[in-house]
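The values are calculated or read from the model by the stated rules, or taken from the named source; none is laboratory data. Values in this document were obtained by computation on a predicted structure and should not be read as measured data. Cβ sites come from the backbone with ideal geometry, for glycine too, and all protein chains shown count toward neighbours.
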Amino acid sequence: MSKKRSNFLMIWVILAVICLFSFLKYVSPEVFQVLMAKDHPMPTPSTLMMWYIIMGVLAGLVYATTSDKKLVDFLSFLLPDRGPALKFVLQKLLLIAFPLVVGWFVYSWSIPGVASPVELRIQHPTLPQEYEKQNNPYREKDPETQRRCIEEGKILFQTYCRPCHGSKADGNGPFANSFRLRPINFQDPGTIGTVVENYAFWRIKEGAPGLPSESTPWDSAMPSWKDDLKDDEVWKIIMGEYDTAGVVPRQREKAE
């Protein structure tokens, strides 16, 4: 019996992983329903199930490599020989089932679906420290210079930002419908009107690639403009977009 078992060591490892999956998928929800006194099954989270399966596969591989004899028995199952007919049948089934299982997993992970995010999305992530002390130099100029900068900013806004954010800064640019996440409507008082100007400066400079990973998913198509626009042009664009949208930036709170 032990000799026969050693000849099919790979099959025993595969069966052990299948049993582990079956327990997590079908038995564990019912068990935890009873233990936790719930009126519905308690399914195993997919991420936790994945980790258990990975650990199960690793445990099987560790067992198969505890000795040279077990490793030889484990790998020899794949070698063609004149063994029992059962081994021949199982070899063919394994060669057919393996690509089918891999294909099923790839298909299951790649098909689009709708699911709630695992955590709440932060609309306005924390401003990086390097941008905290940035100030719009043109806000300190005289009213005539400010008006001139606003008009220049409007021209720059129409040149660089209009395709996505629209000529009225309402998020209805010519390319707006081509994105999964529509460009922001700056006329909405809950958007740029809730942030300070240096925050907008950061978002224009860094774009979607500069967003922090802890606040994903973003799905933002906002490009990074730091290599295409100078700092003074970005500040003027900010002044122009606020004026075009008809909102004002939030003022910094003063420390008491």
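Here are the numbers:
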| read-out | value |
| --- | --- |
| Condition broken by Leu15, with the remaining ones in (1) surrounded by 13 or more Cβ atoms within 10 Å (Cβ to Cβ); (2) closer than 22 Å to Ala97 by Cβ; (3) among the aliphatic types (A, V, I, L, M) satisfied | (1) |
| Set Cys161, Cys149: member being out of contact with any Lys or Arg (no Cβ under 8 Å at 6 or more places or on another chain), hydrophobic (A, V, I, L, M, F, W, C) and surrounded by 14 or more Cβ atoms within 10 Å (Cβ to Cβ) | Cys161 |
| Matching residues in the stretch 206-229 - criterion: being in a helix (DSSP H, G or I), loosely packed, with under 13 Cβ neighbours inside 10 Å and modelled with pLDDT under 80 | Ser213, Glu214 |
| Among (1) of a type in the set (Phe, Trp, Tyr); (2) farther than 18 Å from Phe8 by Cβ; (3) over 23 Å from the mean Cα position of the chain (by Cα) - the single one Phe74 does not satisfy | (2) |
| Close pairs from the stretch 63-74: first surrounded by 14 or more Cβ atoms within 10 Å (Cβ to Cβ), partner at pLDDT 85 or above and β-branched (Val, Ile, Thr), Cβ under 7 Å, at least 6 apart | Ala64/Val13; Leu71/Thr65 |
| Residue match in the stretch 91-98 (condition: touching a residue at least 12 places away in the same chain (Cβ under 8 Å) and within 14 Å of Met10 (Cβ to Cβ)) | yes |
| Tally of residues being crowded, with 17+ Cβ neighbours inside 10 Å and either in a helix (DSSP H, G or I) or more than 26 Å from the chain's Cα centre (by Cα) (or both) across the stretch 177-198 | 5 |
